[in-house]
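The values are calculated or read from the model by the stated rules, or taken from the named source; none is laboratory data. Predicted, not measured: the structure shown is a model, and the values here were computed from it. Note that we place each Cβ from the backbone using ideal geometry, even for glycine, and neighbour counts take in every protein chain shown.
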Amino acid sequence: MVVALIVVGVLVLGVAGFVVWFLKIRDPLKGEDFYKFHVEQKWLWELTLTPEQEKAFMAGLEAYDDERGCYPMRSEGLLRVYSPMMLISLYSLTEQFATMGPDAVQDPGRAVHDLVMRAAEGEVEGVLYYNDEWMGEDVTEVDGMDKYAFTDAMMSATFAQGVDHEFAGGYADENKGYLTMGVLTKNPEHVERMYQEASALAGEPTEYRNKLDVMRDVMTPESPEYVAAFDRAEAEKSKYINTLVFCFERVVEHYRDLRPQLEYAEPKDVLSVVMARMLEDDLRGCTWTRPPSDEQRELALALLSNRS
């Protein structure tokens, strides 16, 4: 009996340990072990805080994650909150955390909780509510498109042809119902040099003679020096990127209203008009991670409205 209890206890501890590792340490999507609340002092929003403040801020995020769930989307400068469902600008959060002074460092769990609850009170600038049932309850298609096709059309609507700009990334989550759109007019010269210096560390390109050469190259780890230099260039580039975020639910509402007027247009073209109007008219359902410059706003409108 005692042996059986010991075995059961070991199994329970083993399962619990696996769950913690899989959900808290391991990234199920990337298949990598990592800790999502580590202190980097890498991205611009992190540099709002001192290392001590960032350590406390991350402890506060982890406490909220334990309670309701959240995930820092570091390169985009966003915190995805699972409950209540919303995206919050990490630029805004870190600025507010810093202004709270020593009290926030002393009790970061309470400080972060209060900041998130404050964001839940109203969809102000830098806060976007999203809905994972963005098509509507028990609805599986919009204008004949399932969630994957609609998401693809939305992504297509954010990449205009013939607009001079620097690629700054973008991401859409068809399950949660939000889209991010990086906006950058041009890389500064020093950032271009950083990328060139990183590329030089990568070595000469491999000459492929057959499929085996391709497989070998893919399986060969990249130079640590190159990876570090490239990461530095990415972090520096991010300082000049602003991210625009859209809520699928509100986009769908405007799409349904506009569709009869653009009966013969491609869905992506209708979405271009919808999203451009949402941005131009400052409608709810879209926001920036930080206040945009006139140049950033004009570029975003050009990328979205070139079809309208």
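Numbers for the structure displayed
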item	result
Single unsatisfied condition, E137 versus (1) more than 25 Å from R277 (Cβ to Cβ); (2) at pLDDT 95 or above	(2)
Test for Q296: is it in a helix (DSSP H, G or I) and exposed (fewer than 12 other Cβ atoms within 10 Å of the Cβ)	no
Matching option when the condition is in the same structural domain as T151 (by TED's automatic domain parsing), under 21 Å from the mean Cα position of the chain (by Cα) and not hydroxyl-bearing (S, T, Y), among L244, L258	L244
Number of the condition not met by V163 [criteria: (1) crowded, with 16+ Cβ neighbours inside 10 Å; (2) in the same structural domain as C247 (by TED's automatic domain parsing); (3) in contact (Cβ under 8 Å) with a residue 60 or more places away in the chain]	(1)
Failed criterion for P205 (all others in (1) free of Cβ contacts under 8 Å to residues at least 40 places away in the same chain; (2) surrounded by 16 or more Cβ atoms within 10 Å (Cβ to Cβ) hold)	(2)
Residue count, region 211-241 (criterion: surrounded by fewer than 17 Cβ atoms within 10 Å (Cβ to Cβ) and either part of a loop (DSSP other than H, G, I, E, B) or more than 19 Å from the chain's Cα centre (by Cα) (or both))	19
Which numbered condition A302 fails, given (1) in a helix (DSSP H, G or I); (2) at pLDDT 95 or above	(2)
Any pair with Cβ under 6 angstrom, 6 or more apart, that starts in region 37-56 at a residue that is under 10 Å from Y91 (Cα atoms) and in the same structural domain as S75 (by TED's automatic domain parsing) and ends at one that is charged (D, E, K, R) and in a helix (DSSP H, G or I)	E46/E54; T48/E95
Hey, D269 among the charged types (D, E, K, R) and free of Cβ contacts under 8 Å to residues at least 12 places away in the same chain or not	no
Qualifying position, being surrounded by 15 or more Cβ atoms within 10 Å (Cβ to Cβ) and not assigned by TED's automatic domain parsing to the domain that holds D294, among E123, E174, E141	E123
Y208 vs. criteria under 21 Å from the mean Cα position of the chain (by Cα) and aromatic (F, W, Y)	no
Residue ranges of helices (runs of 4 or more DSSP H) in region 76-125 with at least 3 members modelled with pLDDT of 95 or more and over 24 Å from N242 (Cα atoms)	102-106, 108-120
Residue in region 248-258 that is surrounded by 12 or more Cβ atoms within 10 Å (Cβ to Cβ) and more than 28 Å from S305 (Cβ to Cβ) present	no
Qualifying residue in region 26-33 (condition: in contact with a helix residue (DSSP H, G or I) (Cβ under 9 Å, 6 or more places away or on another chain) and modelled with pLDDT of 95 or more)	no
Residue tally, condition within 16 Å of the chain's Cα centre (by Cα), in a loop (DSSP other than H, G, I, E, B) and not small (G, A, S), over region 146-183	5
